[in-house]
Amino acid sequence: MSAVEGGELHSYPNGVPVRRNSYIVEFHDDAHDAHLDTVRNHPSVKVKHHHGHLFKGMTVTVDGAGIPQQLSKHQGVKRVWPNRIHTLSSSKYSGKGSSQTLHEKTGLLKVAKEFGLDGKGVKIGIIDTGVDYGHPDLGGCWKEEGCPWQYGQDFIGDEYDEHSDDPVIKPNPTPMDCN
């Protein structure tokens, strides 16, 4: 679908909590500023946040029934959907829970059951400045029995300076965040 066509109005199943009159409007990558302006300038729309780096869209509130359907038909709009409410569990991770408990809290068991996925053959790589695995909320451990942090590597080290003409590359034994 090109930016000159309208988009779709997404809905969630019954029981999924959403913010009243709050929507996310996603635009096609090739949508022009004029397309965005038609949503911005709509008399029943208030833009709460404009997203533009990785996701081309807006979070908006609307005043009136039928407005989301109208927005989904605007040129340049790819999709409009209600702004979901996500509630975090109030339980604290003890630092050394069973993998069963961790899989329940992260939703892994639900995904495995619903989609028949077991993770076989899947490898995940995360490139970051490191992780403060010593923090109690992140487990407070490194490569211990029951610890969520069993693997990781520091490729650069704390002494690396990207602005140096001769940067020092001296990896640490663990991927502890140096920032």
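Could you list, in sequence order, all residues of region 46-72 that are more than 20 Å from the chain's Cα centre (by Cα) and open to solvent by 20 Å² or more (accessible area, probe 1.4 Å)? Lay out the reasoning, then the answer.
So the first thing to find is which residues in region 46-72 are more than 20 Å from the chain's Cα centre (by Cα), and the list is 46-47, 61-72.
Within region 46-72, K46, V47, T61, D63, G64, A65, G66, Q69, Q70 qualify.
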Within region 140-151, identify whether any single residue is within 26 Å of T87 (Cα to Cα) and among the hydroxyl-bearing types (S, T, Y), and answer yes or no. no
Could you please let me know if W142 is open to solvent by 50 Å² or more (accessible area, probe 1.4 Å) and either without any contact (Cβ under 8 Å) to a residue 60 or more places away in the chain or under 30 Å from L102 (Cα atoms) (or both)? no
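Residues are listed down the side, and each one gets a yes or a no for (1) in contact with a strand residue (DSSP E or B) (Cβ under 9 Å, 6 or more places away or on another chain); (2) at pLDDT 90 or above:
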| position | (1), (2) |
| --- | --- |
| P13 | no, no |
| V16 | yes, no |
| S22 | yes, yes |
| F27 | yes, yes |
| H32 | no, no |
| S44 | yes, yes |
| V47 | yes, yes |
| H53 | no, no |
Tally time: how many residues in region 48-84 are within 14 Å of R19 (Cβ to Cβ) and assigned to a strand (DSSP E or B)? 11
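Any idea which residue in region 58-82 is nearest to E26 (Cα to Cα), counting only those that are small (G, A, S) and free of Cβ contacts under 8 Å to residues at least 40 places away in the same chain? It would help to see each step written out before you state the result.
Start the filter on region 58-82 by keeping residues that are small (G, A, S), which leaves 64-66, 72, 76.
Filter once more, keeping what is free of Cβ contacts under 8 Å to residues at least 40 places away in the same chain: 64-66.
Details: G64: 20, A65: 19, G66: 18 Å.
Selected residue: G66.
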Could you please tell me which pairs satisfy a Cβ distance under 8 Å, a separation of 6+ or placement on different chains, a first residue in region 122-136 that is part of a strand (DSSP E or B), and a second residue that is aromatic (F, W, Y) and at pLDDT 80 or above? V131/W149
Within region 79-90, the count of residues that are among the basic types (K, R) and either open to solvent by less than 70 Å² (accessible area, probe 1.4 Å) or in contact with a helix residue (DSSP H, G or I) (Cβ under 9 Å, 6 or more places away or on another chain) (or both) comes to 1
With the structure loaded, tell me whether D154 is part of a loop (DSSP other than H, G, I, E, B), more than 26 Å from G107 (Cα to Cα) and either open to solvent by less than 50 Å² (accessible area, probe 1.4 Å) or out of contact with any helix residue (DSSP H, G or I) (no Cβ under 8 Å at 6 or more places or on another chain) (or both) or whether it fails that test. yes
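The values are calculated or read from the model by the stated rules, or taken from the named source; none is laboratory data. Remember, it's a predicted structure, so these values are computed and weren't measured experimentally. Virtual Cβ from ideal backbone geometry, glycine too; neighbours counted across all protein chains shown. Surface accessibility is based on the protein's heavy atoms, side chains included, excluding ligands, DNA and RNA. Shrake-Rupley method; radii C 1.70, N 1.55, O 1.52, S 1.80 Å.
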